[in-house]
Amino acid sequence: MPTIASARCTSSPKRTLRSNSGGSPLSSLPVDFKVSPISRKSPRQSINDSPSCPAKRNVENSANRVMTPKSPLKKRLLDSFIEKPIQNPIDELSLTDVGQLSVVKEALHVSSCQLNVVCREDEQNKVLEFCKQCVEHEKAGSLYICGCPGTGKSLSMEKVNEALVNWAKEGSFQLPDVLSINCTSLTTTSEIFSKIAEKSWPGKKVHGVSALQLLQSSYSQKPQSDMKMLLIIADELDFLITRDRAVLHDLFMLTTLPFSRCILLGIANSIDLADRFLPKLQSMNCKPMVITFRAYSKDQIIKILRQRLMALPFTVFQPQALELCARRVAAASGDMRKALWVCRSAIEILEAEIKESISKSASSSLEQTCSDKQSAVVCDGPTKKWNPIVRADHVAAALSKAFKSPVVDTIQSLPQHQQLILCSAVKLFRGKKKDSTVGELNKFYTDVCKSTLIPPVGTVELSSMCRVLADQGLIKLGQSRDDKLKRVTLQIDEADITFALQGVRFFRNCLQCN
């Protein structure tokens, strides 16, 4: 009798897989062979199961690696989605060249230490020889050093002090004590005597008039013990000029006392200070020796700028830019500090241009592709290096900030046709003429307008604009019933007009044309 289990087996035969039907390799295995379910893997899993599989050799990099398809088309499509490092020369510029410009600004700073002061060798030698004679013969003396601001007076005295100390060591002379005072830092003018007394007798506290009396009594009688010579470098001596001139007079009189040990080097900007404020010294034949530091010339300014830039391994300024700066500063004042400021300002203008280009290229660089050869982003091969350099237009903009005058501001704020009239007047008076008529000025004005394809105004409008320019003090108009016969004279310098309009290429071309 069939059981329930046998009936169930006969009634519902077990279904087999198609892969097991027919000559299955499993059918040839022994009966007691057991196949573990873990060892059964799909063909895709068993590929990576080999010990020599690349996925096992590069386990650390497998998470970031994308399988390379065999099809070239699929490979190109896949490469377009893979992120590649983009090398941007502007980014490289922001890290390297901007840093170089900062180094240049430090080299051009007024406080940057220089090994030697060029173009002031003669003045330094005169001061050094004076100090050597005083130390060698143990004799007091005074020297008055004058010159315009920014002519290297203070810096030269620092170098003289260093040279004097080296000379004394080499010659086995007694080293003098050195007291450097900037008179603008004094609370009162008589405080300078307290500084001198404290340096001569350390630890002795004296103030004001008592310090002066102590110095006068000490230098009037022979000292019991040998005292060192005292080198006093008093900078900004103009600050000591009082109403009664007593402090300035007493300071120089200390060097005339019989047993004085002071070597006074007074530095000031006033060229005639000794003649105006020290008449008693001149009457006593005790007038100090005067050494004048002349204003720097154009060639000297260029030489000093090149000497500061010589230590840098890269070029930052165009030669024309340095020459423009030197010419303008030498013609104005010869102040070397002003020239350094102009150069630093020109570098800051270049830095602003670089930062602006970086901000503009930051958004556009992501949209540019490697196939665009004219793009600023280069994905393959070496990046193109952009070496920034200070051009003449950068220096011209810096000069306009440094030497901006009301006349320049007025010219730059004029309407276009009034600026054209000034350009025409410059061309009209470029020869030997000093004055002309409105009618002749109108001819030059019409020629300038035709050459630049600008419609000229009529004679009546030209006469009214000339009156406006005359009211502003730019030109001078004479009296006449006929406007064309009125005499015209240029009231301002031709260089001011050129300087005010040189930033615009249109006017620059007008002024350059004959």
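Can you name every one of the helices (runs of 4 or more DSSP H) wholly within segment 389-475 that holds 2 or more residues which are on the phi < 0 side of the Ramachandran plot and open to solvent by 70 Å² or more (accessible area, probe 1.4 Å)?
Those helices (runs of 4 or more DSSP H) span 392-402, 406-412, 438-451, 459-471.
So, in segment 283-330, of the ones that are part of a helix (DSSP H, G or I) and small (Gly, Ala, Ser), which residue ends up nearest to ASP122 (Cα to Cα)?
Once the filter is applied, the top-ranked residue is ALA330.
From the residues in segment 239-279 that are among the basic types (Lys, Arg) and surrounded by fewer than 20 Cβ atoms within 10 Å (Cβ to Cβ), which one is modelled with the highest pLDDT?
ARG245
Here is a yes/no grid of residues against (1) among the hydrophobic types (A, V, I, L, M, F, W, C); (2) open to solvent by 20 Å² or more (accessible area, probe 1.4 Å):
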| site | (1), (2) |
| --- | --- |
| TYR144 | no, no |
| SER154 | no, yes |
| ASN166 | no, yes |
| GLY171 | no, yes |
| LEU175 | yes, yes |
| LEU215 | yes, no |
| SER220 | no, yes |
| PRO223 | no, yes |
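Test SER365 against the criterion of being among the small types (Gly, Ala, Ser), surrounded by 13 or more Cβ atoms within 10 Å (Cβ to Cβ) and either modelled with pLDDT of 85 or more or more than 19 Å from the chain's Cα centre (by Cα) (or both), and give yes or no.
Against the criterion (among the small types (Gly, Ala, Ser), surrounded by 13 or more Cβ atoms within 10 Å (Cβ to Cβ) and either modelled with pLDDT of 85 or more or more than 19 Å from the chain's Cα centre (by Cα) (or both)), SER365 qualifies.
So GLN512 ticks every box in (1) exposed (fewer than 12 other Cβ atoms within 10 Å of the Cβ); (2) over 25 Å from ALA332 (Cβ atoms) but one. Which box is left unticked?
(2)
Here is a yes/no grid of residues against (1) of a type in the set (Asp, Glu); (2) at pLDDT 95 or above; (3) more than 17 Å from ASP122 (Cα to Cα):
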site	(1), (2), (3)
GLU136	yes, no, yes
LYS139	no, no, yes
LYS159	no, no, no
GLU162	yes, no, no
ASN166	no, no, yes
GLU170	yes, no, yes
LEU186	no, no, yes
THR189	no, no, yes
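Which of the residues that make up segment 487-501 are surrounded by 20 or more Cβ atoms within 10 Å (Cβ to Cβ) and either of a type in the set (Phe, Trp, Tyr) or without any contact (Cβ under 8 Å) to a residue 60 or more places away in the chain (or both)?
PHE499
Inside segment 97-106, can you point out the residues that are open to solvent by less than 20 Å² (accessible area, probe 1.4 Å) and modelled with pLDDT of 80 or more? Outline the logic, then answer.
In the first step, residues of segment 97-106 are kept if they are open to solvent by less than 20 Å² (accessible area, probe 1.4 Å); the result is 97, 101, 104.
The answer is LEU101, VAL104.
Filter segment 96-126 for residues that are within 30 Å of GLN174 (Cα to Cα), in contact with a Ser or Thr (Cβ under 7 Å, 6 or more places away or on another chain) and assigned to a helix (DSSP H, G or I) and give the result.
GLU123, GLN124
Confirm whether PHE259 is aromatic (Phe, Trp, Tyr) and not in a loop (DSSP other than H, G, I, E, B). I'd like the intermediate steps shown before the answer.
Values: aromatic (Phe, Trp, Tyr): yes; not in a loop (DSSP other than H, G, I, E, B): no.
Here the answer is no, as PHE259 does not meet what is asked.
Is it true that ARG328 is surrounded by fewer than 20 Cβ atoms within 10 Å (Cβ to Cβ) and in contact (Cβ under 8 Å) with a residue 24 or more places away in the chain?
In short, no.
Residues of segment 389-424 being without any contact (Cβ under 8 Å) to a residue 24 or more places away in the chain and of a type in the set (Lys, Arg), which ones?
Across segment 389-424, the qualifying residue is only LYS404.
Starting from segment 162-178, keep only residues that are more than 23 Å from SER200 (Cβ to Cβ), then list their pairs with residues that are aliphatic (A, V, I, L, M) and surrounded by 14 or more Cβ atoms within 10 Å (Cβ to Cβ) whose Cβ atoms are within a distance under 6 Å, requiring at least 6 positions of separation or different chains.
Partner pairs satisfying both residue conditions: ALA163/LEU128.
Just to be sure before I move on: is SER333 surrounded by 17 or more Cβ atoms within 10 Å (Cβ to Cβ), of a type in the set (S, T, N, Q) and under 28 Å from the mean Cα position of the chain (by Cα) in the structure I sent? Talk me through it step by step, then tell me what you get.
Numbers: surrounded by 17 or more Cβ atoms within 10 Å (Cβ to Cβ): yes; of a type in the set (S, T, N, Q): yes; under 28 Å from the mean Cα position of the chain (by Cα): yes.
Yes; evaluated as a whole, the condition is true for this residue.
Name the strands (runs of 3 or more DSSP E) wholly inside segment 133-242 in which the number of residues that are of a type outside the set (A, V, I, L, M) and either more than 26 Å from ILE271 (Cβ to Cβ) or touching a helix residue (DSSP H, G or I) at 6+ places or on another chain (Cβ under 9 Å) (or both) is 3 or more.
141-147, 177-182
Scanning for something within 16 Å of VAL390 (Cα to Cα), modelled with pLDDT under 95 and open to solvent by 30 Å² or more (accessible area, probe 1.4 Å), does segment 292-306 turn up at least one residue?
yes
Right, ARG481: open to solvent by 40 Å² or more (accessible area, probe 1.4 Å), modelled with pLDDT of 85 or more and within 14 Å of GLN418 (Cα to Cα) or not?
Considered against the rule, which asks whether it is open to solvent by 40 Å² or more (accessible area, probe 1.4 Å), modelled with pLDDT of 85 or more and within 14 Å of GLN418 (Cα to Cα), ARG481 comes out as no.
Going through segment 486-507 one residue at a time, which ones are assigned to a helix (DSSP H, G or I) and touching a helix residue (DSSP H, G or I) at 6+ places or on another chain (Cβ under 7 Å)? First the steps, then the outcome.
First, the residues of segment 486-507 that are assigned to a helix (DSSP H, G or I): 494-501, 505-507.
Scanning segment 486-507 gives GLU494, ASP496, ILE497, THR498, PHE499, ALA500, LEU501, PHE507.
The values are calculated or read from the model by the stated rules, or taken from the named source; none is laboratory data. All figures in this text were calculated on a predicted structure; none of them were measured in a lab. Positions of Cβ are generated from backbone atoms using ideal geometry, with glycine treated the same way; all protein chains shown enter the neighbour counts. Ligands, DNA and RNA are excluded from the accessible area calculation, which covers all protein heavy atoms including side chains. Shrake-Rupley method; radii C 1.70, N 1.55, O 1.52, S 1.80 Å.
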